[in-house]
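In what follows, a structure is listed as structure tokens, so that the remarks can point back to it.
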Amino acid sequence: MTRRLLIASSIYNGVLRLLAVACGAAVLAACHHDADAPATGSLRRVVVVYMAAQNSLGALRQHVEDSTEIMAGRRYLHPHDRVLLFIDDEAAPRLYSIDREHDKPQLLRHWTHDACSTDPATLREVLTLAGQAFPAQQYGLVLWSHADGWLPPTSTDYGGYGSPLATTHRPQSFGIDSGPDGNMSNTGAEMAVDDIARAVHGAGLHLRYIFMDCCLMQTLETAYALRQVCDYITASPAPIPGSGANYEHQLRNGLLADDPTAMARTYLADVQDEAQQTNYGDFGLVISCLRTDRLDALAAALHAALPHATLAGHTEADMTNVLHYLTYSPSYGYRPHSYDARQALSTLLPAAQQTAVLACLDDAMVWRGATEACWIGPHDWQFAHIDTAAGHYAAVSMFVPQSIYTTQAARCGYGDLNQAFQSTAWYAACGFSSTGW
């Protein structure tokens, strides 16, 4: 099965990487407990890579491939930088420290029992340990797993890791943990975006950035929910390539750079690199870096504009020609279209209201980039085509209420997506209720 067909069969699950190289298993097997006390004093930067891989990603050993890349990239670390790598797969979770001086990852903690990696309490525990053991000037967080944006989880059963639904396509916000039986399936508990924010806040950290190496997470709804716990969000509004980020290159050029846009620039450069087409092929990539402290101004501008929008009076907007980053399809469990925010707002708002809103969107968008085409499936031939030269795209998506989301509610794992949208902080902040939706 080709990489694209593999992703087509399971795109809702986000990152589907290539099979791990054999040496990756040896790298993790060689980890040993660090007998020395954790580094004292203030470090420069600490990056926590949080791999929720107790699902199909772990079954394919894709976390091992990326762990191998991290070890290859450790030579680029500054002496006062640390990478903390959390891995949850078929075994009990482990947390490692990686620095330039040690040729093997140092084991900080090995959980004595299986823990649910999509339980916000586990994320909070890992981040708390990072802050206490490694005081630093800046912290970054990489969220690595399956994902599909702002949509609420269908299961938060963090004890049994079960799910009340038995559908073929599993909805989730971030991550899937298949449970203590180690079946490594894509059925299990997920983590809501709001709970990610609570976990970070509860750990007492404020993050320089969150980098989401998973599908469909660069949405205005997601970014707004995380705006108070991080300065920047780097993510894609679309499906990402099967191999995900190249972590050796990210450690050299992205994760520890002063420039907050470096992660997105590095990711796009890797996807476009002719030497890496074995991994990336013609899949394409859309990626951006958002500045979260600009999102309240965007919400306020939209609040003033929405009463004049084509949605007003519960009217159906014609979104036919609007760029979208996911095909609305039964193959994807009727997940929403993931409309490009710039094109959606240009369609929804009259000219008199567009200027202020789009200016706020541009202010929040630190950097965006894309290939000219990005696969959105579910069929092998389905791509979104992006006019990168004209630049009429935002590389961040937004939800637009439509009647089809209600009429297809019985077939969607979330029920009525219009109702689910109403529970988001973004819906309230923007005053979407003024439209009647």
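The values are calculated or read from the model by the stated rules, or taken from the named source; none is laboratory data. Keep in mind that this is a model prediction, so the values were computed, not measured. Don't worry about glycine lacking a Cβ; one is built from the backbone with ideal geometry, like all the others, and counts go over all protein chains shown. The area values use the complete protein model at the heavy-atom level, side chains included, leaving out ligands, DNA and RNA. Shrake-Rupley method; radii C 1.70, N 1.55, O 1.52, S 1.80 Å.
Taking the stretch 180-198 as the search range and keeping residues that are surrounded by fewer than 22 Cβ atoms within 10 Å (Cβ to Cβ) and hydrophobic (A, V, I, L, M, F, W, C), which one is farthest from Asp157 (Cα to Cα)?
Out of the qualifying residues, it is Ala197.
Keeping to the stretch 122-160, report how many residues are open to solvent by 30 Å² or more (accessible area, probe 1.4 Å) and at pLDDT 95 or above.
Count: 8.
Could you check the stretch 81-139 and list, in sequence order, the residues that are within 25 Å of Ala192 (Cβ to Cβ) and among the β-branched types (Val, Ile, Thr)?
Of everything in the stretch 81-139, those that are within 25 Å of Ala192 (Cβ to Cβ) and among the β-branched types (Val, Ile, Thr) turn out to be Ile87, Thr118, Thr122, Val126, Thr128.
Might you check whether a residue that is surrounded by 14 or more Cβ atoms within 10 Å (Cβ to Cβ), under 13 Å from Pro237 (Cβ atoms), under 23 Å from the mean Cα position of the chain (by Cα) and free of Cβ contacts under 8 Å to residues at least 60 places away in the same chain occurs anywhere in the stretch 427-435? First the steps, then the outcome.
Step one: list which residues in the stretch 427-435 are surrounded by 14 or more Cβ atoms within 10 Å (Cβ to Cβ), which gives 427-432, 434-435.
Checking which are under 13 Å from Pro237 (Cβ atoms) leaves us with none.
Looking for residues that are surrounded by 14 or more Cβ atoms within 10 Å (Cβ to Cβ), under 13 Å from Pro237 (Cβ atoms), under 23 Å from the mean Cα position of the chain (by Cα) and free of Cβ contacts under 8 Å to residues at least 60 places away in the same chain, one finds none in the stretch 427-435, hence no.
Just wondering, is there one or more residues in the stretch 70-82 that are of a type in the set (Ser, Thr, Tyr), in contact with a Leu (Cβ under 6 Å, 6 or more places away or on another chain) and either more than 15 Å from Gly175 (Cβ to Cβ) or not in a strand (DSSP E or B) (or both)? Break it down into steps so the answer makes sense when it comes.
Quick first cut of the stretch 70-82, residues of a type in the set (Ser, Thr, Tyr) only: 76.
In the following step, the residues that additionally are in contact with a Leu (Cβ under 6 Å, 6 or more places away or on another chain) were identified as 76.
Applying the additional criterion that residues be either more than 15 Å from Gly175 (Cβ to Cβ) or not in a strand (DSSP E or B) (or both) yields 76.
So far as the stretch 70-82 goes, yes, one or more of its residues are of a type in the set (Ser, Thr, Tyr), in contact with a Leu (Cβ under 6 Å, 6 or more places away or on another chain) and either more than 15 Å from Gly175 (Cβ to Cβ) or not in a strand (DSSP E or B) (or both).
Which residues, counting only those in the stretch 240-282, are among the charged types (D, E, K, R) and buried (at least 21 other Cβ atoms within 10 Å of the Cβ)? Lay out the reasoning, then the answer.
Step one: filter the stretch 240-282 for residues among the charged types (D, E, K, R), giving 248, 252, 258-259, 265, 270, 273-274, 282.
Within the stretch 240-282, Asp270 is the sole residue that qualifies.
Considering only residues that are under 21 Å from Asp270 (Cα atoms) and either hydrophobic (A, V, I, L, M, F, W, C) or open to solvent by less than 20 Å² (accessible area, probe 1.4 Å) (or both), which ones fall in the stretch 372-392? Give the derivation first.
Just the residues of the stretch 372-392 that are under 21 Å from Asp270 (Cα atoms), to begin with: 372-376, 383-389, 391.
Across the stretch 372-392, the qualifying residues are Ala373, Cys374, Trp375, Ile376, Phe383, Ala384, Ile386, Ala389, Gly391.
Identify the residue in the stretch 126-155 that is touching a residue at least 12 places away in the same chain (Cβ under 8 Å) and assigned to a helix (DSSP H, G or I) and, among all such residues, is nearest to Thr234 (Cα to Cα).
As a first pass, look at the stretch 126-155 and keep what is touching a residue at least 12 places away in the same chain (Cβ under 8 Å): 126-131, 133-155.
Checking which are assigned to a helix (DSSP H, G or I) leaves us with 126-131, 133.
On the way: Val126: 21, Leu127: 19, Thr128: 22, Leu129: 24, Ala130: 21, Gly131: 22, Ala133: 26 Å.
By that ranking, first place goes to Leu127.
List, please: which pairs have Cβ atoms under 8 Å, are six or more places apart or on different chains, and start with a residue in the stretch 71-86 that is free of Cβ contacts under 8 Å to residues at least 40 places away in the same chain and end with one that is acidic (Asp, Glu) and surrounded by fewer than 17 Cβ atoms within 10 Å (Cβ to Cβ)?
Note: pairs meeting the criteria are Pro79/Glu101.
So Trp367 ticks every box in (1) in contact with a Cys (Cβ under 7 Å, 6 or more places away or on another chain); (2) open to solvent by less than 10 Å² (accessible area, probe 1.4 Å) but one. Which box is left unticked?
Here Trp367 meets the rest and fails (2).
Could you please give the count of residues in the stretch 271-290 that are assigned to a helix (DSSP H, G or I) and under 30 Å from Cys230 (Cα atoms)?
Step one: list which residues in the stretch 271-290 are assigned to a helix (DSSP H, G or I), which gives 271-272, 274-280.
Next cut, under 30 Å from Cys230 (Cα atoms) only: 271-272, 280.
Number satisfying all stated conditions: 3.
Taking Cys412 as the residue in question, decide whether it is over 21 Å from the mean Cα position of the chain (by Cα), open to solvent by less than 20 Å² (accessible area, probe 1.4 Å) and at pLDDT below 95. Steps first, answer last, please.
Working: over 21 Å from the mean Cα position of the chain (by Cα): yes; open to solvent by less than 20 Å² (accessible area, probe 1.4 Å): yes; at pLDDT below 95: yes.
Spelling it out, Cys412 is indeed over 21 Å from the mean Cα position of the chain (by Cα), open to solvent by less than 20 Å² (accessible area, probe 1.4 Å) and at pLDDT below 95.
Working carefully through the options Leu345, Leu285, find the one that is surrounded by 18 or more Cβ atoms within 10 Å (Cβ to Cβ), modelled with pLDDT of 95 or more, at negative phi and out of contact with any Pro (no Cβ under 7 Å at 6 or more places or on another chain).
Details: Leu285 fails: out of contact with any Pro (no Cβ under 7 Å at 6 or more places or on another chain).
Residue meeting the stated conditions: Leu345.
Of everything in the stretch 45-69, what is open to solvent by 10 Å² or more (accessible area, probe 1.4 Å) and outside any helix (DSSP H, G or I)? Give them in sequence order.
Within the stretch 45-69, the subset open to solvent by 10 Å² or more (accessible area, probe 1.4 Å) is 45, 56, 59-61, 65, 68-69.
Selection gives Arg45, Leu60, Arg61.
Can you say whether Asp293 is open to solvent by 40 Å² or more (accessible area, probe 1.4 Å), closer than 22 Å to Thr388 by Cβ and modelled with pLDDT of 95 or more, as far as the supplied structure shows? Show your work before the answer.
Values: open to solvent by 40 Å² or more (accessible area, probe 1.4 Å): yes; closer than 22 Å to Thr388 by Cβ: no; modelled with pLDDT of 95 or more: yes.
When the stated conditions are applied, Asp293 does not pass them.
Quick check on my filter: what residues within the stretch 353-406 are without any contact (Cβ under 8 Å) to a residue 40 or more places away in the chain and among the aromatic types (Phe, Trp, Tyr)?
The answer is Trp381, and nothing else.
Evaluate the following for Ala304: is it part of a helix (DSSP H, G or I), of a type in the set (A, V, I, L, M, F, W, C), open to solvent by 60 Å² or more (accessible area, probe 1.4 Å) and touching a residue at least 12 places away in the same chain (Cβ under 8 Å)?
The answer is yes for Ala304.
Considering each residue of the stretch 79-119, count those that are open to solvent by 10 Å² or more (accessible area, probe 1.4 Å), modelled with pLDDT of 95 or more and within 21 Å of the chain's Cα centre (by Cα), and give that number.
Of the residues in the stretch 79-119, 0 are open to solvent by 10 Å² or more (accessible area, probe 1.4 Å), modelled with pLDDT of 95 or more and within 21 Å of the chain's Cα centre (by Cα).
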